[in-house]
Amino acid sequence: MAKIRRIKIKSKKHAPIPGACPGSIGSYEGALPPKITAYAYDTNHFFSEEITNATELDLHFDTYSLLKHWINIRGLGDLELLEYIGKKFNIHNLVLEDIVNTQQRPKLDEYEGYLFAISRMLYVNADLEIENEQISFILLPQVLISFQENYNNCIEPVVNRLKLGKGNIRISDISYMMYSLMDVVIDNYFSLIYKLGEELETLEELLYRKPDKSLMHQIHSIKRAMIMIRRAAWPERDKINDMIRSDSKLISKGTKTFLRDAYDHCMQVVDMVESYKDITTSLIDMNLSFISNRMNEIMKVLTIISSIFIPLTFIAGIYGMNFAYQDPITHKILNKNMPELYAENGYVYTMIIMLVIAILQIIYFWRKGWLSNN
């Protein structure tokens, strides 16, 4: 029998503090301490190092000042680091606030001298829970800074390409690096949709075998996951469209060519999500139909049984009235008071008549097709 992996949505809520001043930076409960990896590269060179503090980060920029830089920060638990980055690159406080408040929708904001973008990374963790993680990007001349909530390795394929120098990632400008990371985000949408699609096929197979309440709950869970993917993919599509149409010099014409491909991928994701949402709705309707049909079958059986016993109960009720054949006081014979009660073979004749009636009813139901499963 096919088994369900039971992919669930991981619950995660970081509510902002009501009435907080716009642009205020506050870490949420459970924020991880940052792990910083700095990459410096060009066509012929590649360097990477783990950074532990702002001083080492300054030294990294000074050492590889002629190269392109990608600073990947995993974990948002160090507000001093964010404030340092804000002062060093003249980043607006509203941007830093959006980085820390990890419930933002995908978007692109253009500021003087830099671009700020947000994506939603969706993936399945080891506990078969769907993680919905925010990834933020600050694009500067020759520098890209990315911020992740967790320590996951979803962007590891980009790191490997960067190390090996495959494709255009080293020879292109720094905006291509941001595109590459966003492309990984979109690829993860496809991966998640395929996993949920396989689970839907399993659920459909199990529904045909035996409808069950637990299957209905799982179908609803998948539908919620599809809605979550749609809520991430639609704004991601709009953000990429804004990047394509942007007049910012930080995004090169070559990168915009690849962004058009990413835009098409987003449209494919949205189309697949809509298709699978329709499938989940169909499975829910099919499950309800199976339950209704099963109930109808049960009611048909009970109705047939009741129909057989109704005339038999009527006969038994007639002869169960027990009106006296003889008056116990006057001893007068009451000819119209059920004389059959004293018939020698009355019981046998009555049972035979009742059996014949039941058989005739069964034959009638069978000829009408009421006893078949179709």
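The values are calculated or read from the model by the stated rules, or taken from the named source; none is laboratory data. Owing to the predicted nature of the structure, the values given are computational and were not obtained by experimental measurement. Reconstructed Cβ throughout: ideal geometry from the backbone, glycine too, with neighbour counts over all protein chains shown.
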Problem - Members of the stretch 102-129 that are without any contact (Cβ under 8 Å) to a residue 12 or more places away in the chain and among the small types (Gly, Ala, Ser) - result: Ala126
Exercise for the section: Count, please, the residues in the stretch 212-244 that happen to be acidic (Asp, Glu) and in contact with an Asp or Glu (Cβ under 9 Å, 6 or more places away or on another chain). Expected result: 1
Completion exercise
Inside the stretch 174-194, the number of residues satisfying the requirement of being surrounded by fewer than 18 Cβ atoms within 10 Å (Cβ to Cβ) and over 19 Å from Ile118 (Cβ atoms) is 3
Exercise for the section: Might you let me know whether the stretch 339-350 holds any residue that is among the β-branched types (Val, Ile, Thr), outside any loop (DSSP other than H, G, I, E, B) and over 60 Å from the mean Cα position of the chain (by Cα)? Expected result: yes
Fill in the blank from the handout: Condition set part of a loop (DSSP other than H, G, I, E, B) and β-branched (Val, Ile, Thr), scope the stretch 122-177, selection farthest from Ile227 (Cα to Cα): answer is Ile171
Handout entry: Residue that is at pLDDT 90 or above, part of a strand (DSSP E or B) and either assigned by TED's automatic domain parsing to the domain that holds Asp238 or surrounded by 18 or more Cβ atoms within 10 Å (Cβ to Cβ) (or both), where the choices are Ile99, Ile85, Ile73
Key = Ile73
Exercise for the section: Determine whether Asn188 is free of Cβ contacts under 8 Å to residues at least 24 places away in the same chain, of a type outside the set (Ser, Thr, Tyr) and within 22 Å of Glu133 (Cα to Cα). Expected result: no
Exercise for the section: Out of Met321, Met267, report the one residue that is aliphatic (A, V, I, L, M) and assigned to a helix (DSSP H, G or I). Expected result: Met267
Practice task
Only residues in the stretch 279-308 that are in contact (Cβ under 8 Å) with a residue 12 or more places away in the chain count as the first member; pair them with residues that are not in a helix (DSSP H, G or I), Cβ under 6 angstrom, at least 6 apart or cross-chain, and list the lot.
Solution key: Asn287/Pro211; Phe290/Pro211; Ile291/Pro211
Practice task
Give Ile240, Ile251, Ile244 a once-over and let me know the one that is touching a residue at least 24 places away in the same chain (Cβ under 8 Å), more than 21 Å from the chain's Cα centre (by Cα), in a helix (DSSP H, G or I) and under 30 Å from Leu140 (Cβ atoms).
Solution key: Ile240
Exercise for the section: Count, please, the residues in the stretch 258-312 that happen to be among the acidic types (Asp, Glu) and not assigned by TED's automatic domain parsing to the domain that holds Gln218. Expected result: 1
Fill in the blank from the handout: Residues in the stretch 28-83 that are charged (D, E, K, R) and under 15 Å from Ile169 (Cα atoms) total 2
Problem - Residue check for Ser221: of a type in the set (Ser, Thr, Tyr), over 11 Å from the mean Cα position of the chain (by Cα), assigned to a helix (DSSP H, G or I) and under 30 Å from Arg294 (Cα atoms) - result: no
